[in-house]
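Notes for the one structure printed next.
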Amino acid sequence: MRLRSLFLIGAVVLAFLSGGSAAGLFWMSAQFQSRTRNLSQSIERVHATEQLALSLFMLQVVREFASIHAPPGTGPRVSEDDARQRVLELLRQVEPYAGTATEQALLSEARGQVEAYLQAPEHERMPHLRRAVAAMEAVSLASIERAHAVRDEAERVSGATRLLAGLLTLSIVTGVALLLAAIRTRLYLPLLSIRRALAAFKSGQRESRVAPVGAVELREVAAEFNDMADTLVSQDARQVQFLAGVAHDLRTPLNALKLATRVLLKSPEPPPPEKVRESLVRISTQLDRLDRMVGDLLEQTRIEAGNLELRPEDCDLRQLVTDVVELHRPLSQQHHLELTVPDQPVPVRGDPTRLTQVLTNLLSNAIKYSPRGGRVRVRLEGSPEEARVSVSDEGVGIPADEYERIFEPFRRSKHSRAEIPGVGLGLSVSRRIVRAHGGDIEVESRVGGGSTFRVRLPLAQP
């Protein structure tokens, strides 16, 4: 899982929990508001019916005092008309609070009884009053029962609210715990593992590696670190091998120089000129070899530091190839050099010294890696866009799985490094030079069947 997916899932979970909490709170608020409104209506209805019953009694008292012709100043200080209007007003106030069908039917019955009482003749008022009061009591009892029902519903809602709150709390705690566990497993622990591996590798534990766990990005970082560590370990091994090879390769010409000079110095009499010349030739050959090895080392150092200097100019590649081949003809009597060049010039834009260095390296390698002699063919071809120089030998050959490896610094083919001295920098330097000119070097070979190196360079634009 990628970090983006992990964060997206976390955001979705938090949004879901937040939305659920908000919806739960909204539902609980709506339920409590509805129950509170119903309970308030029931209380108002009970109060209104009680007031209506009292008003009916007050109206009856006023009528009783009026029927006995009580002297002024005695009895209630309310006229019959005022008491009657009060009853009608309270009756209108009770009607809006009728909620259920049962309450509406009871209220309709009570209204009919009240109106019947108001219109009844004097001798029939008391029965109508009792029936009206009884009807109002029925309405009041219905309202009380509804209030009890609302209270019970409120208690159930309160229980459901507590349950919902508990579930929401549990969900939030569980969601956050799972999210933290996922972050710890997918993010924190892998980062901690990478940090420990980096610290261990820095302290010298070159075998330290990172297990590919956690999010995809962290697994990719772990893989990159492991590849980097393998590369560094491989480079360290190559450097150790390089130092051993340099020491061995430098010791060989130095021993030859020491032997040649010792022979000359320990001779009791001056040796003949021919003997001196042979010794000087051997000394010169070994010095050239040392110079080439040291030059390769210096060249590789410059290239790695980014200080490869080119002095490009228009030149004829045909002439450069011819000069290099002719320079190497007298160096080995066992090899037959064949040169094929076109009749027309092959113009390229490049540094003649660097290109000569590349051609010299390829041709000297062809001679060096053909210890039994044979033909070495150098061929120059031109095309509308590029020039191609191929150097072929009949030497030991190179396995296919080493085609790219031999162009790495300090790398040589395992089939030749034990028998043929060298540092392993020539091909690396040559490829860097050719690529700096906009071209490339390729190789084709088979073990025991020789090798062909091809240099491709862009032609100079007219």
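The values are calculated or read from the model by the stated rules, or taken from the named source; none is laboratory data. For clarity, every value in this text was computed on a predicted model and none was experimentally measured. Ideal geometry is used to build each Cβ from the backbone, glycine not excepted, and the neighbour counts take in all protein chains shown.
From the list LEU327, LEU317, LEU287, which residue is under 24 Å from PRO458 (Cα atoms) and surrounded by 11 or more Cβ atoms within 10 Å (Cβ to Cβ)?
On the way: LEU327 fails: under 24 Å from PRO458 (Cα atoms); LEU287 fails: under 24 Å from PRO458 (Cα atoms).
Of the residues listed, the single one that is under 24 Å from PRO458 (Cα atoms) and surrounded by 11 or more Cβ atoms within 10 Å (Cβ to Cβ) is LEU317.
If we keep just the residues of the range 384-395 that are more than 49 Å from the chain's Cα centre (by Cα) and charged (D, E, K, R), which is nearest to GLY449 (Cα to Cα)?
Taking the range 384-395 as the starting set, the residues that turn out to be more than 49 Å from the chain's Cα centre (by Cα) are 393-395.
Pick out the ones that are also charged (D, E, K, R) and you get 393-394.
Numbers: ASP393: 9, GLU394: 6 Å.
Per the stated criteria, the residue is GLU394.
Anything in the range 347-383 that is of a type in the set (A, V, I, L, M, F, W, C) and within 48 Å of the chain's Cα centre (by Cα)? List them, or say none. Can you show your working first?
Looking only at the range 347-383, we keep the residues that are of a type in the set (A, V, I, L, M, F, W, C), and these are 348, 355, 358-359, 362-363, 366-367, 376, 378, 380.
Within the range 347-383, VAL348, LEU355, VAL358, LEU359, LEU362 qualify.
Could you identify the single residue in ARG156, ARG151 that is in a helix (DSSP H, G or I), free of Cβ contacts under 8 Å to residues at least 60 places away in the same chain and more than 30 Å from VAL13 (Cβ to Cβ)? Lay out the reasoning, then the answer.
Values: ARG151 fails: free of Cβ contacts under 8 Å to residues at least 60 places away in the same chain.
Just a single option satisfies the conditions, and that option is ARG156.
Out of the residues in the range 390-409 that are among the aliphatic types (A, V, I, L, M) and within 20 Å of SER332 (Cβ to Cβ), state the one that is surrounded by the most Cβ atoms within 10 Å (Cβ to Cβ).
For the range 390-409, the residue satisfying everything is VAL391.
Just one of ALA138, ALA147 is modelled with pLDDT of 75 or more, at negative phi, in contact with a helix residue (DSSP H, G or I) (Cβ under 8 Å, 6 or more places away or on another chain) and assigned by TED's automatic domain parsing to the domain that holds GLU64; which is it?
Numbers: ALA147 fails: modelled with pLDDT of 75 or more.
Every option except ALA138 fails the conditions.
Working carefully through the options VAL221, VAL281, VAL246, find the one that is assigned to a helix (DSSP H, G or I), of a type in the set (A, V, I, L, M), under 57 Å from the mean Cα position of the chain (by Cα) and at pLDDT 75 or above. Step through it out loud before you land on a result.
Details: VAL281 fails: under 57 Å from the mean Cα position of the chain (by Cα); VAL246 fails: at pLDDT 75 or above.
Every option except VAL221 fails the conditions.
Within the range 99-135, restricting attention to residues that are outside any helix (DSSP H, G or I) and out of contact with any helix residue (DSSP H, G or I) (no Cβ under 6 Å at 6 or more places or on another chain), which residue is surrounded by the fewest Cβ atoms within 10 Å (Cβ to Cβ)? Full working, then the answer.
Restricting attention to the range 99-135, the residues satisfying the condition of being outside any helix (DSSP H, G or I) are 99-100, 120-121.
Filter once more, so that each one left must be out of contact with any helix residue (DSSP H, G or I) (no Cβ under 6 Å at 6 or more places or on another chain): 99-100, 121.
Working: GLY99: 15, THR100: 11, PRO121: 7.
Step by step, filter the range 99-135, then rank; the result is PRO121.
Being outside any loop (DSSP other than H, G, I, E, B) and surrounded by 15 or more Cβ atoms within 10 Å (Cβ to Cβ) is the filter; apply it to the range 201-218 and report the residue that is modelled with the highest pLDDT. Break it down stepwise before answering.
Let us first name the residues in the range 201-218 that are outside any loop (DSSP other than H, G, I, E, B), namely 201-202, 216-218.
Imposing the further condition that a residue be surrounded by 15 or more Cβ atoms within 10 Å (Cβ to Cβ) reduces the set to 201, 216-218.
Details: PHE201: 84, VAL216: 80, GLU217: 81, LEU218: 80.
The residue in question is PHE201.
Enumerate the pairs (first residue in the range 226-247 and within 30 Å of ILE194 (Cβ to Cβ); second residue anywhere and loosely packed, with under 12 Cβ neighbours inside 10 Å and at pLDDT 80 or above) with beta-carbon separation below 9 Å, excluding pairs fewer than 6 apart on the same chain, so at least 6 apart or on different chains.
Close Cβ pairs (under 9 Å, with a partner that is loosely packed, with under 12 Cβ neighbours inside 10 Å and at pLDDT 80 or above) amount to ALA229/GLU207; VAL233/GLU207.
Which residue, of GLN333, GLN286, is at pLDDT below 90 and more than 58 Å from the chain's Cα centre (by Cα)?
Details: GLN286 fails: more than 58 Å from the chain's Cα centre (by Cα).
Unique residue meeting the criteria: GLN333.
If I ask for residues that are among the hydrophobic types (A, V, I, L, M, F, W, C) and either surrounded by fewer than 23 Cβ atoms within 10 Å (Cβ to Cβ) or free of Cβ contacts under 8 Å to residues at least 40 places away in the same chain (or both), which ones from the range 339-358 would you list? Show your work before the answer.
Going residue by residue through the range 339-358, those that are among the hydrophobic types (A, V, I, L, M, F, W, C) are 339, 341, 346, 348, 355, 358.
Passing the criteria: LEU339, VAL341.
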